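Nothing in this text is a laboratory measurement; each read-out follows from the coordinates by a stated rule. If you're wondering where the values come from, they're calculated on a predicted model, not measured in any experiment. With ideal geometry, Cβ positions are generated from the backbone for all residues, glycine too; neighbour counts draw on all protein chains shown.
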Amino acid sequence: MAFINWNDSLKVNVDAIDIQHQKLVDIVNNLFDAMSEGKGNDVLNDVFNGLLNYTVEHFATEEKLMEQHNYPKAEFHKVEHSDLTRQAKELYEKFKSGQATISVPTLNFLRSWLNNHILSSDKQFGEFLNSVGVK
Ligand SMILES: [Fe+2]
Ligand SMILES: [Fe+2]
């Protein structure tokens with residue numbers, strides 16, 4: 001059983017975004033699996049670092065779509081992205097310096113971090129994109 005189950009409730013109905021969200025879910029699941037299997041810090045570091053890099057890439061994709069389609073709530077959404085990036089980077093730095101471990105609470109945090117943003121701001125953005133014909 002995956003740590004985060006991808007299902008239709010997470011879809012924002014824009015293919016380019018849904019594909020990237022699935023990949024983010026996969027990476028968090030990989031991190032959970034690596035932790036559960038007792039993998040070493042080098043493996044956890046690689047997966048966590050991969051999550052950060054892909055997050056940055058994903059946010060850039062959404063922000064480009066916001067600009068292309070003059071999304072009225074772009075500024076608010078971008079602030080959320082920068083807050084989320086900062087939170088994940090802080091957690092990663094704590095992990096790297098040994099102040100935090102990859103644990104169930106850490107993974108729970110990452111799951112909420114991802115789910116809450118998708119279910120609120122990204123869904124709204126998806127509805128807007130659908131309304132201007134982007135699917
Ligand atoms: Fe997103
Ligand atoms: Fe977003």
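Would you calculate, for the chain, the mean residue ellipticity at 222 nm contributed by helices, counting each DSSP H stretch of 4 or more residues as -39,500 (n - 2.57) and dividing by all residues, to the nearest 500?
Mean residue ellipticity at 222 nm (helix-derived): -24500 deg cm²/dmol.
State to the nearest 20 debye the size of the charge dipole of the chain about its Cα centre, where the only charges are +1 on K and R beta carbons and -1 on D and E beta carbons.
180 debye
Using the Cα atoms of the range 6-78, I'd like the radius of gyration and the largest Cα-Cα distance, Dmax, both in angstrom.
When restricted to the Cα atoms of the range 6-78, Rg and Dmax are 14.8, 46 Å.
At q = 0.11, 0.14 Å⁻¹, what is the log10 ratio I(q)/I(0) for the range 8-131, with the Debye formula run over Cα points and no solvent?
Cα-only, vacuum Debye calculation for the range 8-131: -0.38, -0.60.
Mark the label point 7 Å from the Cα of Ile19 along Cα→Cβ and return the residues of the range 101-135 whose backbone N is within less than 14 Å of it.
Taking a point 7 Å out along Cα→Cβ of Ile19, the residues of the range 101-135 whose backbone N falls under 14 Å are 135.
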